[in-house]
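Down below is the structure, laid out as structure tokens.
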Amino acid sequence: MSNRYASGRAFEWRRRDYYKTPGYFVVRSAGSKTAVDLVCLHPNGRVLAVQCKKVRTQAEAERLIQDFKDAPPLGVATSRAGFAQVIDIYVKATRKVESVIL
């Protein structure tokens, strides 16, 4: 297993735990290479499709965010009632996570 894969997996696990805190049931799509890394289901019916990414710089994060807004991975540009697409980006330079919800 590469260090890069392990690092990405660890970030997905941290985000999984983050979404579990407010009561979501979270399913991780392990090693999927798909548009969705985590599917988060809340008892109130809310569903989040989460893509997790790690980048080195803020500029890379901004490009990913713009791409995400321009072409949402699941083809849905706006959130419907109870459904949203999320991209969580860990920026190594700032050691912070940025989240964008569509």
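The values are calculated or read from the model by the stated rules, or taken from the named source; none is laboratory data. Keep in mind it's a predicted model, so treat the numbers as computed, not measured. Positions of Cβ are generated from backbone atoms using ideal geometry, with glycine treated the same way; all protein chains shown enter the neighbour counts.
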- Task: Evaluate the following for Ala71: is it surrounded by 15 or more Cβ atoms within 10 Å (Cβ to Cβ), under 14 Å from Val100 (Cα atoms) and not β-branched (Val, Ile, Thr)?
- Result: no
- Note on the structure: Residue set Val36, Val97; condition among the β-branched types (Val, Ile, Thr), modelled with pLDDT under 95 and within 15 Å of the chain's Cα centre (by Cα); output residue Val36
- When Val26 is evaluated against the numbered criteria (1) within 14 Å of Val97 (Cβ to Cβ); (2) surrounded by 13 or more Cβ atoms within 10 Å (Cβ to Cβ); (3) not small (Gly, Ala, Ser), which criterion, by number, is the only one it fails? (1)
- Task: Check the stretch 26-33 and report whether any residue there is touching a residue at least 24 places away in the same chain (Cβ under 8 Å), on the phi < 0 side of the Ramachandran plot and not polar (S, T, N, Q).
- Result: no
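Going by what's in this entry, would Tyr5 be described as on the phi < 0 side of the Ramachandran plot, at pLDDT 95 or above and aromatic (Phe, Trp, Tyr)? Walk me through it before giving the result.
Values: on the phi < 0 side of the Ramachandran plot: yes; at pLDDT 95 or above: no; aromatic (Phe, Trp, Tyr): yes.
Judged against the criteria, Tyr5 is not a match.
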- Message: Being within 18 Å of Ile89 (Cβ to Cβ) and part of a loop (DSSP other than H, G, I, E, B) is the filter here; which residues of the stretch 1-31 pass it?
- Response: Ser29
- Among residues of the stretch 51-65, those that are of a type in the set (Val, Ile, Thr) and over 19 Å from Ala10 (Cβ atoms), counted: 2
- Item | Among (1) closer than 21 Å to Gly75 by Cα; (2) out of contact with any strand residue (DSSP E or B) (no Cβ under 9 Å at 6 or more places or on another chain), the one test that Tyr5 misses | (1)
- Task: Say whether the condition of being of a type outside the set (Lys, Arg), modelled with pLDDT of 95 or more, surrounded by 16 or more Cβ atoms within 10 Å (Cβ to Cβ) and touching a His at 6+ places or on another chain (Cβ under 6 Å) is met by at least one residue in the stretch 39-49.
- Result: no
